[in-house]
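Each remark here refers to the structure printed beneath this line.
The values are calculated or read from the model by the stated rules, or taken from the named source; none is laboratory data. Computed from a prediction, not measured in an experiment: that's the story for all the values here. So basically every Cβ, Gly included, is an ideal-geometry build from the backbone, and we count neighbours across all protein chains shown.
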Amino acid sequence: MKYKANEIITFGLMQMKRVNYKRAYSKIIGRMMKNNPINKSLFNKELEQEYRNKWFPISRKAPLDSFKVYSTIHNKIDLNFVSDYLYAFQIKGILSDERYNAYYSDKNLYENRLSQYSHYFPKVLFRRINGVFYDKEYKHIYDIESYVKKINNESIVIKASVDSAGGKGVLFFNKENTHNFYATNNGYTVKQLFKAQSNFVVQERLIQSRDMAKLNETSINSIRVVTYRSVIDNKVIVVQSLVRRGEKNSLVDNWHSGGSIISLNAIGKIAN
């Protein structure tokens, strides 16, 4: 069978991605092992083989490290514990069809496509879609500089509306008294951003509640609910609830930006 050049390149890139992911997950599991040494009394050769037999349809040799770490942490054996690496590639791809991701991956379209929930989103001051400026109601802005000078907010948040996972592309701007415009603490101005980016959303800066501020006062900490939609009957099942908090002095709570994740139990309290 002959393969086209673009197919070979795509395959090679996917293999590289797999290797990098595997290394990243291995480092995380390695750190977890240091904090939670494996309880060797829980495991034996027969159990390890039983685990690999269970996951054989997904992987010919399922890694045991995650299984041992999670079993140790919970102090019980559960063959359903799966490695993050296997989930990220084999399983997630089956449960979540990435062909549909583009529909909800643009932050500028949230209020339009989820209009019945638009009051839950941070207030939008203006937005830019493919180089064109629009206001909150998606009406064309013809003179953006005059529009920005009329904004009274002391500080604003500008987010890349696409490819912004992990807190990437989130910037905080403060109003400059001299020019009645906005700039970051290190002097990067909104005008410079306009020249550099064609897709972003500009929102008011949120003030979090006292209770959430106790977790980290500089960032906007958030609660995330992990759900699974059954492939059998389409019912949505709550798998886990989490609190995300930012690193000290950080403005965002994303894990890849130094934040941490805290599990909540079934009644909404911090889990062990």
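Quick rundown of the values:
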| quantity | calculated |
| --- | --- |
| Subset of segment 68-95 (residues that are exposed (fewer than 11 other Cβ atoms within 10 Å of the Cβ), within 25 Å of ALA271 (Cα to Cα) and either of a type outside the set (D, E, K, R) or touching an Asp or Glu at 6+ places or on another chain (Cβ under 6 Å) (or both)) | ASN75, ASN80 |
| Candidates PHE126, PHE133, PHE173 - the one that is within 27 Å of GLY258 (Cα to Cα), part of a strand (DSSP E or B), in contact with a helix residue (DSSP H, G or I) (Cβ under 8 Å, 6 or more places away or on another chain) and among the hydrophobic types (A, V, I, L, M, F, W, C) | PHE173 |
| Hey, MET14 modelled with pLDDT of 80 or more, under 24 Å from the mean Cα position of the chain (by Cα) and either outside the structural domain of ASN234 (by TED's automatic domain parsing) or part of a helix (DSSP H, G or I) (or both) or not | no |
| Residue satisfying all of: in segment 137-152; in a loop (DSSP other than H, G, I, E, B) and in contact (Cβ under 8 Å) with a residue 24 or more places away in the chain; nearest to the chain's Cα centre (by Cα) among these | TYR138 |
| Some residue of segment 44-60 being among the charged types (D, E, K, R), assigned to a helix (DSSP H, G or I) and touching a residue at least 60 places away in the same chain (Cβ under 8 Å) | no |
| Count of residues meeting criterion [within 19 Å of TRP55 (Cβ to Cβ) and outside any helix (DSSP H, G or I)] in segment 72-95 | 8 |
| Residues satisfying the stated conditions in segment 216-269, i.e. in a strand (DSSP E or B) and of a type in the set (S, T, N, Q) | SER222, THR227, GLN240, SER241, SER260, SER263 |
| All positions within segment 29-54 that are loosely packed, with under 13 Cβ neighbours inside 10 Å and either modelled with pLDDT under 90 or among the β-branched types (Val, Ile, Thr) (or both) | GLY30, ARG31, LYS34, ASN35 |
| Options PHE56, PHE67; residue that is touching a helix residue (DSSP H, G or I) at 6+ places or on another chain (Cβ under 7 Å) and of a type in the set (A, V, I, L, M, F, W, C) | PHE67 |
| Residue check, LYS136 farther than 26 Å from ILE220 by Cα and either of a type in the set (Gly, Ala, Ser) or surrounded by 12 or more Cβ atoms within 10 Å (Cβ to Cβ) (or both) | no |
| Those residues of segment 110-136 which are touching a residue at least 12 places away in the same chain (Cβ under 8 Å) and among the polar types (S, T, N, Q), in sequence order | ASN112, ASN130 |
| Residues being touching a helix residue (DSSP H, G or I) at 6+ places or on another chain (Cβ under 9 Å), among the aromatic types (Phe, Trp, Tyr) and modelled with pLDDT of 85 or more - total across segment 176-213 | 3 |
| In segment 216-267, residue modelled with the highest pLDDT [restricted to those that are under 19 Å from ARG205 (Cα atoms) and surrounded by fewer than 16 Cβ atoms within 10 Å (Cβ to Cβ)] | ILE223 |
| Residue count, segment 96-123 (criterion: part of a helix (DSSP H, G or I), among the polar types (S, T, N, Q) and either in contact with a Gly (Cβ under 7 Å, 6 or more places away or on another chain) or surrounded by 10 or more Cβ atoms within 10 Å (Cβ to Cβ) (or both)) | 3 |
| Tally of residues being part of a loop (DSSP other than H, G, I, E, B) and among the charged types (D, E, K, R) across segment 179-215 | 2 |
| Residue in segment 183-196 that is over 30 Å from GLU145 (Cβ atoms), exposed (fewer than 14 other Cβ atoms within 10 Å of the Cβ) and among the charged types (D, E, K, R) present | no |
